[in-house]
Amino acid sequence: MAHLNLDIFYHIYITGLILFKPATLFHKINSLPWYQQTLHQWFASLQADTGSAILEVGCATGQLTEHIARQGMNVVGVDQSAHMLQLANKLISSNVRFEKANARSLPFEANQFDQVIAASLLNVLPQPELALNEMLRVCKPGGKISVLVPLAGMSDQAVAVLASELKLSGFSRAVLSTWHRRAPKMQQAKLLQYFTNAGLHNIDSITYLNGMVLTVTGTIPFGRV
């Protein structure tokens, strides 16, 4: 009974944060070890060179942006939430900066970045292809575009198994459950089609967290119009 009451408490607490303090919730989620590990593995798979110019679109409270900066990259994080950026700007790496921007109208000239990434962004936008096209516009020919989204098709039972495998409890377990139940998800085939339609080459996909999330990466061809 005590365990059940604690689960109810955390779900109420998370719902309250969603409604009234979303920036605080994102900051807490981005600090969870299992989520950080997933993001770090994803970025490591992109094999960015030291000194590369990286743009993170929808950076939220900036923990991944900060991590990338610590790997020796020059990073810009953008988000449309001033509350998210208020927390992000408390981070201290010298080679990272944060700007307020709409993902569908990025405030950068074309061909500015070696890689452009976005985590849990395209799945919440009504027209994700518009944001993807903007990501392509500001990325250099030969550069990479990579996104991470919650993947459709994960069952409640599979999430429970994942939580047990990760040995999650309390707030961390409740976050995983709430993310599964409430986050908009994407079909792999649909996301791959967006990348194909955008003209990206060498498209690749990887799943993490036992298939709960999907990353798709493509390369911008040289000689694009």
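The values are calculated or read from the model by the stated rules, or taken from the named source; none is laboratory data. Everything quoted here is computed from the prediction, not taken from an experiment. Don't worry about glycine lacking a Cβ; one is built from the backbone with ideal geometry, like all the others, and counts go over all protein chains shown.
Here are some notes:
- Single condition residue 202 does not satisfy, out of (1) without any contact (Cβ under 8 Å) to a residue 40 or more places away in the chain; (2) buried (at least 20 other Cβ atoms within 10 Å of the Cβ): (2)
- The range 113-143 - residue that is out of contact with any strand residue (DSSP E or B) (no Cβ under 7 Å at 6 or more places or on another chain) and among the polar types (S, T, N, Q) and, of those, modelled with the highest pLDDT: 133
- Test result for residue 147, in a strand (DSSP E or B), of a type outside the set (Lys, Arg), within 25 Å of residue 24 (Cβ to Cβ) and in contact (Cβ under 8 Å) with a residue 60 or more places away in the chain: yes
- In the range 67-114, the qualifying residues are those that are surrounded by fewer than 21 Cβ atoms within 10 Å (Cβ to Cβ) and of a type in the set (D, E, K, R), and the one that is farthest from residue 42 (Cα to Cα) is 109.
- Considering the range 40-65, the residues that are assigned to a helix (DSSP H, G or I) and touching a strand residue (DSSP E or B) at 6+ places or on another chain (Cβ under 6 Å) include one that is surrounded by the fewest Cβ atoms within 10 Å (Cβ to Cβ), namely 42.
- Contact annotation: residue pairs with Cβ atoms under 9 Å, 6 or more positions apart or on different chains, pairing a residue in the range 53-77 that is at positive phi and at pLDDT below 95 with a partner that is basic (Lys, Arg) and surrounded by fewer than 24 Cβ atoms within 10 Å (Cβ to Cβ), are 62/90.
- Filter result for residue 140 (among the basic types (Lys, Arg), surrounded by fewer than 13 Cβ atoms within 10 Å (Cβ to Cβ) and over 20 Å from the mean Cα position of the chain (by Cα)): no
- All conditions in (1) closer than 27 Å to residue 222 by Cβ; (2) touching a helix residue (DSSP H, G or I) at 6+ places or on another chain (Cβ under 9 Å); (3) assigned to a helix (DSSP H, G or I) hold for residue 161, with the sole exception of (1).
- Verdict on residue 126 being closer than 24 Å to residue 83 by Cα and free of Cβ contacts under 8 Å to residues at least 12 places away in the same chain: yes
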